[in-house]
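Take a look at the structure below.
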Amino acid sequence: MAEGWQGWYGPSRPLRAEDGIRARSKRGAIGEQWWSRRFIDVLESFGMSGRMARGRNYARSGQVLGFDIACGYVTARVQGSRPKPYQVRIQVTPLTTAQWRRVEQALAAQALFRAKLLAGEMPPEIEDVFAECGTPLFPRSDRDLVMSCSCPDWSVPCKHLAAVLYVLAEAFDDDPFGILAWRGRDREDLLAALRLTPGEAEPARPLIDVTDRPLADCVADYWSPGMSLARLRSLPPAPATAPDLLLRTFEPPPVPVRGQDLTALLTPVYHRLAEEDAEDDSDGEAAPPG
């Protein structure tokens, strides 16, 4: 009996999977970070919401046995109602070398983007950067995805494909660079491109170059607000910045200290200073007035 066929026999039940990947979400939406929720929202906007919902129970019960992300595709194995797991493949067109060069230059031009990515975070504005470069970060329509499963269900996505998409979204929660690797640029290559960029008179120069107008030229409007208070209140709260953000931004100096990397030595110090600062703020709030 075909797994997708329900006919007179009713729906089939999957075999219990051992050591599968269980979605952390037990109810409601899957995806905690903005980028993973955006990924699922985009898929559901293609009219897939009904078909996607069939894969939630599969994802939550651990039917996805494993998956791999590579340039342009994701492959996975999903345990269905038959003894042999189904083979799933989800393809997306990766960016070309020229397209990635434009994206990297645009990201490198903004110190905030550069710092956030080097700290392992993905700023929401990155989606606009990709769009402005003519290469959207997420699929624009279902035609941008080619999905296949070895099961006999004719629906696309079937519940096995949907389960992989949900598990994939939670993997993106843990590592947003997975999205970028899927589009053709792995973490190390991207970070290397953001740390260094070709110069005209030198082979490479650091990208940390925050220059602006001299203060004397902008005194007149220095204290003017960039946007109204109403607009500021409507903005979502900014995510907490990692205490060791500055350390992650720069390449560690080549000189070890007592046989250890200087960044590794300083990182716990930065975290401890942040904790002490938070404790001081908390004490100040709790102190009675007067």
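The values are calculated or read from the model by the stated rules, or taken from the named source; none is laboratory data. Quantities reported herein were computed from a predicted structural model and do not represent experimental measurements. Cβ atoms come from the backbone with ideal geometry, glycine included; neighbour counts cover every protein chain shown. Heads up: the accessible areas ignore ligands, DNA and RNA and are worked out on the full protein's heavy atoms, side chains in. Shrake-Rupley method; radii C 1.70, N 1.55, O 1.52, S 1.80 Å.
Where does each of 178-191, 91-104, 132-145 land if you order them by average Cβ count within 10 Å, highest first?
Ranked by mean Cβ neighbours within 10 Å, highest first: 178-191, 91-104, 132-145.
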Enumerate the residues in region 141-183 having an amide nitrogen under 19 Å from the point lying 7 Å beyond the Cα of Asp189 toward its Cβ. 176-183
Between Tyr73 and residues 5 or more places away or on another chain, which pairs have amide H atoms under 5 Å apart, with H built 1.01 Å from N, and which residues are they? Val92
Report the paramagnetic label zone for Val146: residues of region 161-177 whose backbone N is under 19 Å from a point 7 Å from Cα along the Cα-to-Cβ axis. 161-162, 165
Using the Karplus curve 6.51 cos²θ - 1.76 cosθ + 1.60 with θ = phi - 60°, work out ³J(HN,Hα) for each residue of region 267-277 in order, rounded to whole Hz, and write x for Gly and Pro. 4, x, 5, 4, 5, 5, 4, 5, 5, 5, 5
Could you run the Karplus curve 6.51 cos²θ - 1.76 cosθ + 1.60 with θ = phi - 60° over region 167-175 and give me ³J(HN,Hα) per residue in whole Hz, x for Gly and Pro? 5, 4, 4, 5, 5, 5, 4, 6, 8
For region 124-130, what does the Karplus curve 6.51 cos²θ - 1.76 cosθ + 1.60, with θ = phi - 60°, yield as ³J(HN,Hα) per residue in whole Hz, taken in order and with x for Gly and Pro? x, 5, 4, 5, 5, 4, 4
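Pulled fully out, how much extra length does the chain show between Ala70 and Lys26, if you take 0.36 nm times their separation in residues and subtract their Cα-Cα distance? The partial results should precede the final answer.
Working: separation 44, 0.36 × 44 = 15.84 nm, distance 2.80 nm.
Once the chain is fully extended between Ala70 and Lys26, it gains 13.0 nm.
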Tell me, what % of the accessible area of region 54-137 is carbon and sulfur with a 1.4 angstrom probe? 50 percent
